[in-house]
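One structure below.
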Amino acid sequence: MFIARGAAAALMSFGACLWISTALAADWTEQDLNDAAALRDRALSGTAAFEHVESLATQVGPRFAGSPGDAAAVRWALDRMGKLGFSNVRSQDVLVPRWVRGNAEVVLLSTTPQFLAATSIGGSVGTREEGLEAVVVQVDSFDALQNLDANTVANKIIFIDQRTERTRDGGGYGHAVRARVQGPSIAGKLGASALVIRSIGTSDDRVPHTGALVYSIDAPRIPAFALAGPDADILSRHLKANKTVRLRLKSTARELPPVWSANVVGEIPGRERASEIVLLGAHLDSWDLGQGALDDGAGVAIVMEAARLIGKLERKPARTIRVVLFANEEFGLSGAREYAAQIGEEAGRHVIAMEADTGQGPVWRIESQVAGDALPAIAAMHEVLKPLSIELGANDAGGGADIRPLRALGVPILDLSLDATLYFDVHHTANDTLLKIDPKVLDQSVGAYAAAAYLAATKQGDFGRLPPAGGE
Ligand SMILES: [Zn+2]
C-alpha cells in the first residue's frame, strides 16, 4: 500500500514537472523568467516602498472618505505617481458618503463610574445630546444575538462579547466581523436602544477598533460602539459579578451630504499588447483614528513600488501594468464600484487583477481564481516566488474587496496573501502608524508582487475568463 502510493506520487510529480515545463515553454521565454527572478531578488536588496508609505502617512496622514485628508491623499497620489515616472496618471471622480465620528463616551455605572476605551462604529448614528443610559444584556457571539428574545432586550443595551481569533489568513476577522457589520440592525430590530461590541481585532491594548456597519433599511438605526479588548473584559467581569449593570453612552457621530473623491490611476505601458491590462490595486483612503500606515498605506506602497521597478526595466513587459488606488474602500467600496461601472468593454482586456490590502506582509501564499487551463502557469509562477518562502494555494481566491467587482465581470484574480497574523492588532485603530512598518518586510512583498505582475504581463496566453457573478 505504502509502496504503491509512493510510486503513484512519484509518477504524478514527474508528470506535473513535465506539465509545468511545457507550460513554461509555451507561456514565457527563458528571459522572461530570468527577468522576473531578477526583479524578485532586486527587491530583497532594498526598495523605496517604505519611502512611499512614510510620505503618505506623514504628508497626508488620516484620510477618511470625504475628509480634507482624503482630498489631500488624491493630490499626493497624482503628484507621487507623476514624479515616479508613471504614464497616463489621472483621477476618476467618485462620489463618497461622508460620516463624521465626533466624540464617543461609554461609562460603566458602578460604585465608581469608569470610562471605558470605546469608539463609534463607522456609520453609526449618534445619541441624543444628553446620551442614553440603560441596562446591559450580554451575548457571547453573533449567533447568540440572532437568537435573542425581543421581550428580554427591549430598551436595553446589547453587548456582543465575541473574540476575534488570530489567524495568518485573516479568517478569524472574516468570521467575527459580522457582529460589527450586521449586529447594529439585528439589535435595532429586537428593540435594543444601542449596541456595544468587543472590538473586531486582536489587540490587548486599550485601543478600540473601528470599521463600518451597514444598517438595513427595515431596522431602526441605533447607536453602535466598539470597546477596546481590555475594556470589554472589564464590562464582562462586572456582568459576571452583578445582576444588573448599567452603561451611559454618548456619541456625536453624524452623517453629512456626500462629497467628491477620486480613484487615482497610473500606468507602466506595455511594449506590444499595451491595451491589455494587469491591474494592481490598493486603497487610498483610511480610517480616521490612525495614520493608515498599514491599512492601506502599505498596500499603496507595495503596488506602486512593484510597478515602478517593472517600469525601470530595460525590457518592458508586453502588457500594461495599471496601478489603481481606489477611493473609499473602508466605508462602502465607492471607488471599486465606480471603476467597474465605468470600465465598459475594457473589462475584457483586464487580463488579471491583484490587490494589496492586508498590511505589509510578508507574502506567504499565492492563490488564484483563473480558468482551469491556466493552472500550470500559476504553478510556474509559484516556482519563481518559492525562494521568498511562498506556498501555492488553491484556485478559489476571493480577491480583495476592491477587485471583487472586477471578478464579478469575469476578470481572473491573483491573490498574493499578506501575512495577517499581527495585522489585526492595529487594524482600524489609533495604533496604525508608521512605527508598525518594517521596511524589510515591505521589500519581500514588493518582490513577490513585482515578479508576479511581471510574469502576468509577459505571459503569452491569458488566464481565461471567469463566469460573470452576480453582485460583487
Ligand atoms: Zn484596507
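The values are calculated or read from the model by the stated rules, or taken from the named source; none is laboratory data. Note that the coordinates shown come from a computational prediction; the quantities given were computed from them, not determined experimentally. All Cβ positions, glycine included, derive from the backbone under ideal geometry; neighbour counts span all protein chains shown. Side chains included, ligands, DNA and RNA excluded: accessible areas come from the protein's heavy atoms. Shrake-Rupley method; radii C 1.70, N 1.55, O 1.52, S 1.80 Å.
Do any GluC sites (Glu not before Pro) in region 89-178 lie in a loop, going by DSSP, with at most 15 other beta-carbon atoms within 10 Å of their beta carbon, and if so which? It would help to have the intermediate numbers written out before the result.
Working: sites: 105, 129, 130, 133, 165; in loops: 129, 130, 165.
Passing sites in region 89-178 are 129, 130, 165.
Exactly which trypsin sites (Lys or Arg not before Pro) in region 307-413 are in a DSSP loop and have at most 15 other Cβ atoms within 10 Å?
312, 315
Quick one: 3J(HN,Hα) in Hz for region 60-74, Karplus 6.51/-1.76/1.60 with θ = phi - 60°, rounded, Gly and Pro as x.
Each residue's phi maps through the Karplus curve to give 10, x, x, 8, 5, 2, x, 7, x, x, 5, 4, 5, 5, 4 Hz.
Search the structure for amide H atoms under 5 Å from the amide H of residue 137, placed 1.01 Å from N in the peptide plane, and list their residues when 5 or more places away or on another chain.
157, 158, 159
What Kirkwood hydrodynamic radius do you get for region 76-129 when you take the inverse of the mean 1/r over all pairs of distinct Cα atoms, in Å?
After inverting the mean inverse Cα-Cα distance, the result is 15.8 Å.
Please report the Cα spread of region 393-451 along all three principal axes, rounded to whole Å, starting with the longest.
Largest to smallest, the principal-axis extents are 39, 27, 17 Å.
Search the structure for amide H atoms under 5 Å from the amide H of residue 225, placed 1.01 Å from N in the peptide plane, and list their residues when 5 or more places away or on another chain.
121, 195, 196, 197
Each label point is 7 Å from the Cα along the Cα-to-Cβ direction; what then is the distance between the points at residue 392 and residue 438, in nm?
For the pair residue 392/residue 438, the computed spacing is 2.8 nm.
Under 14 Å from a point 7 Å along the Cα-to-Cβ line of residue 91: which residues of region 255-297 have their amide N that close?
259-266, 284-285
If each residue of separation counts as 0.36 nm, what is the full-extension length gain between residue 71 and residue 105 once their alpha-carbon separation is subtracted?
Difference between extended and current length: 9.3 nm.
Work out from phi, with θ = phi - 60° and the Karplus expression 6.51 cos²θ - 1.76 cosθ + 1.60, the ³J(HN,Hα) of each residue of region 322-327, listed in order in whole Hz, and give x for Gly and Pro.
After applying 6.51 cos²θ - 1.76 cosθ + 1.60, I find 10, 8, 10, 9, 7, 7 Hz.
Of the listed pairs 83/312; 316/440; 83/440; 83/436; 156/240, which have alpha-carbon separations greater than 22 Å here?
316/440; 83/440; 83/436
Compute the accessible area per residue over the chain, keeping the other protein chains in place, probe 1.4 Å, unit Å². Don't skip to the answer; put the middle values down first.
Numbers: 19090 Å² over 472 residues.
With all protein chains present, the chain gives 40 Å² per residue.
Expressed as a whole number of Å, what is the distance separating the alpha-carbon centroids of region 432-465 and region 123-193?
So the separation of the two Cα centres works out to 37 Å.
Using DSSP to call loops (not H, G, I, E or B), can you name the GluC sites (Glu not before Pro) in region 235-324 whose Cβ has at most 16 other Cβ atoms within 10 angstrom?
In loop regions of region 235-324 (DSSP not H, G, I, E or B), the sparsely surrounded GluC sites (Glu not before Pro) are 272, 314.
Could you list which residues have their amide H under 5 Å from that of residue 94, counting only those 5 or more apart in sequence or on another chain, with H placed in the peptide plane?
It is 261, 262, 263, by chain and number.
So what's region 288-412 giving for Cα Rg divided by 2.2 N^0.38 Å, two decimals?
With N residues counted in region 288-412, Rg over 2.2 N^0.38 Å equals 1.11.
Taking 2.2 N^0.38 Å as the expected size of a compact globular protein, what ratio does the Cα radius of gyration of region 131-221 give against it, to two decimals? Let's see the in-between values first.
Values: Rg = 13.2 Å, N = 91, 2.2 N^0.38 = 12.2 Å.
Working it through for region 131-221, the quotient is 1.08.
Take the Cα of residue 133, step 7 Å along the line toward its Cβ, and report every residue of region 219-257 whose backbone nitrogen sits under 14 Å from that point.
Answer for this model: 245-250.
Report the calculated FRET efficiency for residue 38 and residue 146 (r = Cβ-Cβ distance, R0 = 60 Å), to the nearest 0.05.
0.65
Return P(r) of region 192-292 (all Cα-Cα pairs; 5 Å bins starting at 0; whole %; ordered from short to long distances).
Reading the bins upward from 0: 2, 8, 12, 16, 14, 12, 10, 7, 6, 5, 3, 2, 1, 1, 0.
With label points built 7 Å along Cα→Cβ from the Cα atoms of residue 30 and residue 373, find their separation and express it in nm.
2.8
What Rg and what Dmax come out for the chain when only alpha-carbon atoms are used, in angstroms?
Over the chain's Cα set, Rg and Dmax evaluate to 23.9, 76 Å.
How would you classify region 349-406 from its alpha-carbon gyration tensor, with a ≥ b ≥ c the square roots of the eigenvalues: rounded for a/c under 1.5, else prolate if a/b is greater than b/c, otherwise oblate?
oblate
For region 203-265 and region 335-404, compute the distance between their C-alpha centroids and round to whole Å.
The two parts, judged by their Cα centres, are 33 Å apart.
Got a sec? What order do 173, 423 fall in by accessible area at 1.4 Å, biggest, i.e. largest, first? Please list the in-between numbers first.
Values: 173 40, 423 15 Å².
Largest accessible area first, the list is 173, 423.
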